[in-house]
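Taking it in order: structure first as structure tokens, then the write-up.
Just so you know, all these numbers are worked out from the coordinates, no wet-lab data involved. Computed from a predicted model, the values in this text were never measured in an experiment. Ideal geometry is used to build each Cβ from the backbone, glycine not excepted, and the neighbour counts take in all protein chains shown.
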Amino acid sequence: MSSKSSNAILAKARAMYGKCLKEEDYRQLAECKSVPEVSSYLKTRTSYAKTLRGMVENEIHRGQLEPLLRQEVYLDVFALSRYSTDNAIAVADFVLSRLEINQIVRCLMLLNIHRSEDFAYSVPLSLDQFTAVSFKKLAAVRSYDELMDALRHTKYYPVIRKFQPADDTPVDIPHLEVALDNINFGSAMDAVDQMKDKSEQKELRNLFCSMFDFMNLERILRLKKYHNADAETVRSMLIPYGKLRSAVIDELCAADNIKDVYELARSTYLGKNLSKLQYSDESQISDALLNNYCKHHLRLSPNPTIVMISYIYLKQIEIHNIVNLIEATRYGLSADEKLKLPVR
């Protein structure tokens, strides 16, 4: 990576982060009484103004607002990856693959409940030009066979074919999603292994492996809390990468309840961070851990690839926060209740 490209990514990513929502923005959003009020604040008082330009606040609903907000993350990815470094491109591929997988899974969920026509209302079709998966084709899918046709020339096709259901049997979406994710996570680790700069390679491997541990901990907690899943089931849903030793993972999977999971997690390197987190539900613990981790690296790391991916994940967490506030506004929660929701 040239010094010029490195400095450009560092400066650009940190400047973008400087425009992210502040605590006062979250307070103002929590005071909003309706989705149009949230939309108006984002459009007139934040960096989302450009994305929401032309939006009529009183006519937009949550299903239209969310994809517009999520689109912001991927436009930032393109802005950073244009500096044409191999590592920046690899990070962009990793993030875009996560976008593609999320949309494939959403398409499958809607197929399972016979509402596939709803897909077109909540997908950023404008991103088609940047992705290997055509969202326009996914929007036209009305059966699993049509889904396989839409994905036939992508890296996801072997997994989609493997999970093809028999007759009218529902698709095993949880295990299919894990299989799709693991393709992407494996590609990310392969890209790291091929890096020539050993110092940068070590730092980026540490970031990815920490992120995978965060995600695995969240999965274990959710499977224990909501499904009372046994050790074998939990193991089958985990990412096969990370810093935690296999024996520790086995103990976490075999724990009887989430209290025991937390106790075991506190005895690992994750422990020193768990007590500092602000989150409202186990489904947010990965974001909460990642939020602290990425803020530290965005401010202090001299590695442009680390700073780039840290910014991207902080931006995604911000979008999750806004979506949660929108949902809470729709259900009439008080401002005080809503302020407890964002991870920050």
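Structure notes:
- Burial ranking of peptide ranges 30-39, 197-206 (average Cβ count within 10 Å, highest at the top): 30-39, 197-206
- In the elastic network of the chain, a GNM with C-alpha springs shorter than 10 Å, the most mobile of Ala166, Ala229, Ala150 is Ala166.
- Every helix of 4 or more DSSP H residues in the chain counts as -39500 (n - 2.57), and over all residues that averages to -21000 deg cm²/dmol at 222 nm.
- For the chain, projected area of the alpha-carbon convex hull averaged over all directions, nm²: 17.9 nm²
- Residue pairs exceeding 27 angstrom between C-alpha atoms, taken from Lys198/Lys276; Lys202/Lys340; Lys12/Lys196: Lys198/Lys276; Lys202/Lys340.
- Loop-located chymotrypsin sites (Phe, Trp or Tyr not before Pro) in region 222-311 whose Cβ has at most 12 other Cβ within 10 Å (DSSP): Tyr269
- Cα gyration tensor shape of region 125-214, rounded if a/c is under 1.5, else prolate or oblate by comparing a/b with b/c: prolate
- Estimated from the Cβ-Cβ distance and a Förster radius of 22 angstrom, the FRET efficiency linking Ile173 and Leu333 is about 0.15.
- When only alpha carbons of region 209-344 are considered, Rg and Dmax amount to 15.8, 45 Å.
- Length-normalised contact order for the chain - Cα pairs under 8 Å, 6+ apart - percent: 23 percent
- Taking the centroid of alpha carbons for each part, region 179-212 and region 278-344 are 22 Å apart.
- Computed on the Cα atoms alone, the convex hull of region 71-194 gives a volume of 101 cubic angstrom per residue.
- Peptides 173-183, 95-105, 136-146, 18-28 ranked from most to least packed, by the mean per-residue count of other Cβ atoms within 10 Å: 95-105, 173-183, 136-146, 18-28.
- Calculated FRET efficiency, Leu75 to Asn292, Cβ-Cβ distance, R0 = 25 Å: about 0.45 to the nearest 0.05.
- If you plug the beta carbon distance of Gln278 and Asn257 into 1/(1 + (r/R0)^6) with R0 = 25 Å, you get a FRET efficiency near 0.65.
- For region 221-229, the Karplus equation 6.51 cos²θ - 1.76 cosθ + 1.60, evaluated at θ = phi - 60°, returns couplings of 4, 5, 5, 6, 6, 9, 10, 6, 6 Hz by residue, with Gly and Pro reported as x.
- Summarising the label geometry, the points placed 7 Å from Cα in the beta-carbon direction at Asn7 and Ile89 lie 2.4 nm from one another.
- One chain, two ends: Ala49 and Asn182. Fully extended at 0.36 nm per residue, the span grows by 44.3 nm beyond their Cα-Cα distance.
- Over region 290-338, all Cα pairs binned in 10 Å intervals from 0 give whole-percent P(r) values of 27, 34, 23, 14, 1, listed from short to long.
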